[in-house]
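Have a look at the structure below before the remarks.
Please treat every number below as a calculation from the coordinates, not as lab data. All of these numbers come straight from a predicted model, not from anything done at the bench. Neighbour counts are summed over all protein chains in view; Cβ atoms, including those assigned to glycine, are modelled from backbone coordinates with ideal geometry.
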Amino acid sequence: MAEQSLLQVKDLSVAIDNELPILHKINLDIKPGETHVLMGPNGAGKSTLGYTLMGNPHYCVTEGNILFDGQDITDFSADKRAKAGMFLSFQNPYEVPGISLSSFIRNASHAQTGQPIKLLAYKKALKSAMEVLSMNEEYADRDLNVGFSGGEKKKAEILQLLMLNPKLAILDETDSGLDVDAVRTVSKGIMEYQKKKDGALLIITHSTKILESLHVDYTHVLVKGKLIHTGDASLVEEINKNGFERFVSDAE
Amino acid sequence: MSEDKKAVVDINRSAYDFKDIENEKDFYRLKEGLTEETVLKVSEEKNDPEWMREFRLKCLKLYNEMEMPDWGPSVEGLDMDKISSYVRHKEDMKGSWEDVPEDIKNTFERLGIPQAERESLAGVGAQYDSELVYHNIKDEVAAQGVIYTDIESALRTEYADMIKSHFMKLLTPTDHKMIALHGAVWSGGSFVYVPKGVKVDIPLQSYFRLNAAGAGQFEHTLIIVDEGADLHFIEGCSAPKYNVANLHSGAVELFVGKNARLRYSTIENWSKNMYNLNSKRAIVEENGVMEWVSGSFGSHTSYLYPMTILKGDHSKMEFTGITFAGKGQNLDTGAKVVHQGVGTTSVINSKSISKDGGIGTYRSSVVIQSTAKKAKASVSCDSLMLDSISRADTIPGMDIRTDDADVGHEAKIGRISDEAVFYLMSRGLSEEDAKAMIVSGFANPVSKELPLEYAVEMNNLIKLEMSGH
Amino acid sequence: MNKNLDMRVNVLPALTYNFLHVNDSKIKEDGIGIELLNTPDAENVPSGVTVTRGVSYKEAGKLFEGFKERILVDAGVPGIPNGDTSARDDAQAVRTGMGIDIENLMLENGITSDVFTAEEGVKTTEPIIIRYNLNDGEGSLTSQVIHAKKDSEITVIMDYTSERSAGGFHGISTRLLAEEGAKINLIKTQTLGDGFIHFDDIGGACFKKGSINVVSLELGAKKSWTGCYINLCEDETEFISNQGYLVKDTHSLDINYVADQRGKKTNVLMNVKGVLMDKAQKTYRGTLDFKSGSSASAGDEQEDTLLLSPDVINRSMPVILCQEEDVEGRHGATIGQLGEDLLFYINSRGIDEQEAKRLMVKAKLDSVARLIPDPEIAEKVQYYISTIV
């Protein structure tokens, strides 16, 4: 290993609320700045992996461990993982009435850095990040995700990604339910994160739209809770043409 | 860690709980119990006109005849024989801050009242136990003809007739037992008159402090906002905690004229030995607007349902309230509205939070009389349960007597979802902060209606309650 | 026999302001003639269902008394709502919506119950039908128990009817027990004449995964009272209620429905839709009571009232009591006239206002009538609705 790993997942098995396992012995190694794509048919367990990496208490690690930036974070709560530099863009971001998007991000950065946030600098940074995402400024003062359309919610997630500067961003189906223009805008935001912050990415998707404009280092295929294949960017193309069938039969 | 500590210090309850040991020789305290003798003694202290003394005695008779309602929280812990209805400092009320007795001045300084007056208020009244100790109104507001004084003084001015024709005409002594009690021993409070067309840009505030143990506070607030006038009135209350029951049975009567607007905001933070059996009522003339903003955090037991009578056509009422019932508290709160005029509108938004065995009850009534054609009423109440040893009960009533009305009602009960907490934690917030943030967000529709410094106070009270002290 | 009735019924589970006059209702009627004391013969009784006739009210209640500890299971967390009235009906074999005064009336008058028992595992979807065809001047006071043993399903329709112009008295008490995995479907349709005094009292309990499904249509009678109290005492139990009503002239209807949720993952849905005309009066009380221990339970109560005259009196009391964190409780009510937008839409298709109202009233009540699992009775009820509106 030439470079230190950022995320190492070792023999990870996961069950929901202590019922039957959904993920079986997953291994994954992501280095700083790399972009990994996780693909697979519906119900393969992709989102489960995302939630588990972020520490959703409903998902129990029954075996294996997760190392992040040199620490074993398997037992860390979600906030500690966020502080360590991990970010998850939710597939269905939660609506929080009464807290504006802007003050929420400010609260989150304060919680993560422990530093006081300088209001003017913060507002400037927020404004420019919103410009990248072609977000109407008024969204900053609206309650977090409340009444946002599907596209606006996803943009608000990427906005948080740009503002919070994590080392690794896990994007769970960030492209699902978006029209072509919105996918392009969201991709722009992700590229910004990739380039400017040298951030690593784990992109969970079952389509390939969002990947067109991104540089991909590795592609993983998850079927029935098992990572059964890893390849380079060209694998995306192949799946795009032939679908998952070949892998599904491999998994039998 | 050090920051956490600081946060806790910032919102320490000691800001309200501190006691000033009342030096007995400086205070006059009426003997405990409620008899004709004590009522006459109060009347004598107040130097009442004849009609007022008769009125007090009539109220006492009614009080003795009436029962407490069978629907509310228990008041078993309240023994009138152990309550003194009248406590005052031996020095007279003073208009100037310098003349307020030192011990009382310290109390209000610690509560930040004089500072608030300098920064953001048009006038301030401060009541300590049974008497107002300070009343002041900014010169420019007084110059507009706005009257802000105590009722006793106003009874000796040209406003005597106005007071006589409004005093306890809206809240009448036959309404219920507690208002009869109030009528018998009321003392202190404020009289506000805003003349026709006068708009008071910044709020007036009254602050009530009950410092004596085993005492009652029975202040009377009478506000008349004349045609086309506009006023925001703020009421704050607090008391230190004692092991004996204290009683607050104030009365608020609000008269909102044609095209006038009155906003009445309350942050109630009585100590948790207080029985807060309070009555508030407003009557609104044509096109007038009555707005209530109410935060109930303190008290051991509360009965509080501000009532609005929408008498004039196209008059409006909006109630926004939050109640936080924590350990040992039984807070029964809500709102009442009666639609009489054509095209009248009411909106009730209520939030309640129950925690650590607290009982929070939302209770309301919406009455639409047959004359109230084209009336609109909407009620929305949300309750948040923070554990499974508390109670959150929702008991709303509607009585509709015309088809030409539009009534909507929504109630929800729920908890903080694990998913929401996880989402916030995934952004770096601790579990406690995530929950506090969700609760603050839940309360936001109320806090955003308050002036900034009160919104901050309210958020601090929420944090204080959430930190599970 | 001739009876003077003086009863306090439909007591709200948690009292509120007395000036609203919703805390209870009084049945005060003098000189009521009551002759018919037996439940009419049931039609369509399928095999696997036994009918035991003429069991004394008290004896029939022993079925519930034997299970009292199970029904009134207590999770042990103290605390009652302010104004709690539950102690009042403690002596009932099983709590009913109208309460102890109905039970006492039944006991004092020696009323007997017909007991319908669905044997374990017997599932029938064909409804048993009990028809009350009353003549002018008749008075009827009857009672039934429907007992669905483990994993059974039973459906009973009770239809009360008379000539439109007839008057008289009709009182009924139906008690229900759905054991583990069992399901009771109870359908009650009331199209009594304009001179009738009528009450219909229901009480029941569900054991694990049991469910009770009540459909009720109150369309006739001068004065009506209905009450229903269902104990969801064990896990994954369910109570679904669909009520429809039509009150006209100077008639009155007084309702008290309560879902007492004690088990985990219980589910309640209470829908009530109705129309008030002329000088009619209606009081609706609907309570979701999430008791301690009812975690992961849900309750939803929806009221939809159409007011068609300036002289109606409509009282609504939607109550949610809650002592459990992990529940979802909800209530919604819309009360008023036909929405202007909807009216405009219908008008724009060439239908005038009167006809539009008629359509909407029919639509509202038909949506409940459609739930009657007997085409003939459903049709009869729908015809009845169309003749009134």
Taking amide H atoms as placed 1.01 Å from N in the peptide plane, list the residues 5 or more away in sequence, or in a different chain, whose amide H sits under 5 Å from that of B:Val379. B:Ile348, B:Gly408, B:His409, B:Glu410
Please report the spacing between the Cα centers of segment B:77-135 and segment A:4-50 in Å, no decimals. 65 Å
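Could you please report the charge total around A:Leu119, scoring K, R as +1 and D, E as -1 over all other residues with beta-carbon less than 15 angstrom from its beta-carbon?
On the way: positive: A:Arg106, A:Lys118, A:Lys123, A:Lys124, A:Lys127; negative: A:Asp141.
My count for the surroundings of A:Leu119 gives +4.
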Report the one residue of C:Ala148, C:Ala221, C:Pro310 whose Cα lies farthest in the direction of the positive end of the charge dipole of segment C:2-337 (charges on C-beta: Lys and Arg +1, Asp and Glu -1; origin at the Cα centre). C:Pro310
Partner chain Cβ atoms within 10 Å, averaged over the residues of C:19-31 - can you pull that number for me? 2
Residue by residue through B:409-419, how many Cβ atoms from other chains fall within 10 Å of the Cβ on average? 6
Going 7 Å from the Cα of A:Ile228 along its beta-carbon direction, which residues of segment A:10-47 have the amide nitrogen within less than 12 Å of the resulting point? A:40-41, A:44
With θ taken as phi - 60° and the coefficients 6.51, -1.76 and 1.60, list the Karplus ³J(HN,Hα) couplings across segment C:293-308 in order, rounded to whole Hz; mark glycine and proline as x. x, 8, 4, 6, 8, 9, x, 9, 10, 10, 10, 9, 10, 9, 9, 10
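Compute the signed sum of charges (Lys and Arg +1, Asp and Glu -1) over the other residues within less than 12 Å, Cβ to Cβ, of A:Asp29.
-1
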Whole angstrom only: what separates the Cα centroid of segment B:384-401 from the Cα centroid of segment C:178-202? 29 Å
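So, R0 is 56 Å and r is the distance between the beta-carbons of B:Lys164 and A:Lys80; what FRET efficiency does that work out to, to 0.05?
0.25
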Under 10 Å, Cα contacts only: if you run a Gaussian network model on chain C, which one of C:Ile71, C:Ile146, C:Ile32 comes out with the highest mean-square fluctuation? C:Ile32
Relative contact order (percent) for chain B, with alpha-carbon contacts under 8 angstrom and 6 or more residues of separation? 10 percent
At a Cα cut-off below 15 Å, give the aspartates and glutamates reachable from A:Lys10, other chains included and same-chain residues fewer than 8 away excluded. A:Asp29, A:Glu63, A:Asp69, A:Asp72, A:Asp75
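For a test of the definition: using alpha carbon positions, the gyration tensor, and the 1.5 limit on a/c, classify segment B:263-347 as rounded, prolate or oblate.
Since a/c reaches 1.5 and a/b is larger than b/c, the shape of segment B:263-347 is classed as prolate.
Once you order the gyration tensor axes a ≥ b ≥ c over the Cα atoms, which shape class does chain B get: rounded for a/c under 1.5, otherwise prolate or oblate by comparing a/b with b/c?
Because its axes are fairly even, with a/c under 1.5, chain B counts as rounded.
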Any helix of chain A counts here only if DSSP assigns it H throughout, its Cα atoms span 15 Å or more along the axis, and its mean Kyte-Doolittle hydropathy is at least -0.5, and such helices are A:101-113, A:119-132, A:150-164
From the residues B:Asn278, B:Ile359, B:Asn47, which one has its Cα farthest along the dipole of chain B in the positive direction, the dipole being from +1 and -1 charges on Cβ of Lys/Arg and Asp/Glu about the Cα centre? B:Ile359
Show me, for segment C:318-331, the HN-Hα J-couplings you get by feeding each phi into the Karplus relation (A = 6.51, B = -1.76, C = 1.60, θ = phi - 60°), rounded to Hz, glycine and proline as x. x, 10, 10, 10, 8, 10, 9, 6, 8, 9, 10, x, 8, 9
What does the average come to when, for each residue of peptide B:428-438, you count the partner chain Cβ atoms lying within 10 Å of its Cβ? 6
Quick one: work out the % antiparallel among DSSP beta bridges in chain B, nearest 5. 10 percent
Give the separation of the Cα centroids, segment B:272-329 to segment A:96-139, in Å. 36 Å
The answer for A:Ser89, listing residues at least 5 apart or on another chain whose modeled amide H is closer than 5 Å to its amide H, is A:Ile170, A:Leu171, A:Asp172
If you place +1 on the Cβ of every Lys and Arg, -1 on the Cβ of every Asp and Glu, and leave all else neutral, what size is the dipole of chain C about its Cα centre, to the nearest 20 Debye? 180 debye
Sorted by packing (mean other beta-carbon atoms within 10 Å per residue), highest first, where do A:27-39, C:373-385, B:418-430, C:278-290 land? C:278-290, B:418-430, A:27-39, C:373-385
Please compute the modelled spin-label separation between B:Asp404 and C:Glu328, points set 7 Å along Cα→Cβ, answer in nm with one decimal. 4.1 nm
Under 24 Å from A:Lys241, Cα to Cα: lysines that are on another chain or at least 8 residues apart: A:Lys46, A:Lys209, A:Lys224, A:Lys226
Please give the charge dipole size of chain B, origin at the Cα centre, charges +1 on K and R Cβ atoms and -1 on D and E Cβ atoms. Round to the nearest 20 debye. 700 debye
Quick one: compute the contact order of segment B:206-308, relative version, from alpha carbon pairs under 8 angstrom and 6+ residues apart, as a percent. 28 percent
How high is the FRET efficiency from B:Met80 to C:Glu59, r the C-beta distance, R0 60 Å, rounded to 0.05? 0.70
Nearby lysines by direct alpha-carbon distance to B:Lys31 (threshold 17 angstrom, same-chain neighbours under 8 apart not counted): B:Lys41, B:Lys46, B:Lys82, B:Lys90
Given H placed on each backbone N at 1.01 Å, which residues far from B:Asp150 in sequence or on other chains put an amide H within less than 5 Å of it? B:Phe191
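Could you work out how much longer the chain between A:Leu214 and A:Asn92 gets when fully extended? Use 0.36 nm per residue separation minus the Cα distance between them, nm to one decimal.
41.6 nm
Suppose R0 equals 30 Å. What FRET efficiency, 1/(1 + (r/R0)^6) with r the Cβ-Cβ distance, do C:Phe19 and B:Glu45 give to the nearest 0.05?
Step by step, r from the Cβ atoms, then E = 0.30.
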Which order do the peptides C:293-304, C:252-263, B:271-282 come out in when sorted by mean C-beta neighbours inside 10 angstrom, highest first? C:252-263, B:271-282, C:293-304
Distance (nanometres) between label positions extended 7 Å along Cα→Cβ at C:Asn2 and A:Leu67: 9.8 nm
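Per 0.36 nm of contour for each residue apart, how much would the distance between B:Ala142 and B:Val342 grow if the chain were fully extended, relative to their Cα-Cα spacing?
Separation in residues times 0.36 nm, less the Cα-Cα distance, equals 68.4 nm.
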In terms of the alpha carbon gyration tensor, root eigenvalues a ≥ b ≥ c, rounded if a/c is under 1.5 and otherwise prolate when a/b exceeds b/c or oblate, chain A is prolate
Of the beta bridges DSSP finds with both residues in chain A, what % are antiparallel, to the nearest 5? 60 percent
What list of ³J(HN,Hα) values in whole Hz, one per residue of segment B:219-227 in order, does the Karplus curve 6.51 cos²θ - 1.76 cosθ + 1.60 (θ = phi - 60°) give from phi, with Gly and Pro shown as x? 6, 10, 10, 10, 10, 10, 10, 6, 2
